[in-house]
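Just so you know, all these numbers are worked out from the coordinates, no wet-lab data involved. What you see is a predicted model, and the numbers here were worked out from it, not measured in a lab. Cβ atoms come from the backbone with ideal geometry, glycine included; neighbour counts cover every protein chain shown.
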Amino acid sequence: MQTPKLALLAALLLAAAAPWPVAAEALTLERALELAAANNETPAIAEARLEQARAVRGQAIARLLPSLTVTGNYTRRAREVTRTVDGEEFTVQAIDALSGQALVESTLFDLRALPLVRAASRGVAAQELESAELRRALAFDVASGFYAVLSAERLRDAARRRVDVARATAEESQIRLEAGLADRNDVTRTELEWSTARLEATRAGNLVTAARLALGYLVGLPVDG
């Protein structure tokens, strides 16, 4: 009774040689990386941390730069005061009065600021590397998730083909039993294989769902088949 085994082996070989599911090709790896860069929070976090490091460096450099303070005063009086001298009228106190002053302060040399500037500059360089690593890690996770979906869908399709072959084998065994060409043990064995194939197909389908959810979280959009 080698027919069921040969049929199952042929189905598995066909599944292994089958092309990748067309549904998985709807979302390319390049598109998944673009969506992750646009929707995932990791690139924004990396950029925010880099901006913070640059702001710290700017504060350190500001200690070496001169400071400019500008103040202004505006006064509105009740009336204008004038005086006449030799027949010519002069304004002693105008109704509107505006005054201002500017103060420039500069430190000739601040030895304490130099280590701060150096440390802040190195902090920016370190954060640039860390931010790049965050983006690289996200791209790696997206690529891994993308290929995990492809692999899961391929396994699911193979499991479905196994179910079809097992069902056909079980039906054939039942016909052979009714014709007196097989015994009950052969039928039981093929029905057990059919049940096992359906269980594996269910597990494979759940694996596809989990892989799509994981990839959808990374790219920020649902990933459908």
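The stretch between residue 196 and residue 73, if pulled fully straight at 0.36 nm per residue, gains 35.4 nm over its current Cα-Cα span. The stretch between residue 30 and residue 122 holds 29.8 nm of extra length on full extension. This uses 0.36 nm per residue minus the Cα-Cα distance. Kirkwood radius for the range 60-185, taken over all pairs of different Cα atoms as the inverse mean of 1/r, rounds to 25.4 Å. Sorting 119-125, 163-169 by their mean Cβ neighbour count within 10 Å, with the most densely packed peptide first, gives 163-169, 119-125.
Mind checking the full-extension length gain between residue 129 and residue 112? Use 0.36 nm per residue of separation minus the Cα-Cα distance, one decimal, nm.
Details: separation 17, 0.36 × 17 = 6.12 nm, distance 2.69 nm.
Result for the pair: 3.4 nm of gain on full extension.
Amide hydrogen proximity for residue 182: with H placed 1.01 Å from N in the peptide plane, the residues at 5 or more positions away or on another chain lying under 5 Å are 177.
Sparse packing (at most 15 other Cβ atoms within 10 Å of the Cβ) combined with a DSSP loop state is found for the following chymotrypsin sites (Phe, Trp or Tyr not before Pro) in the range 31-134: 109.
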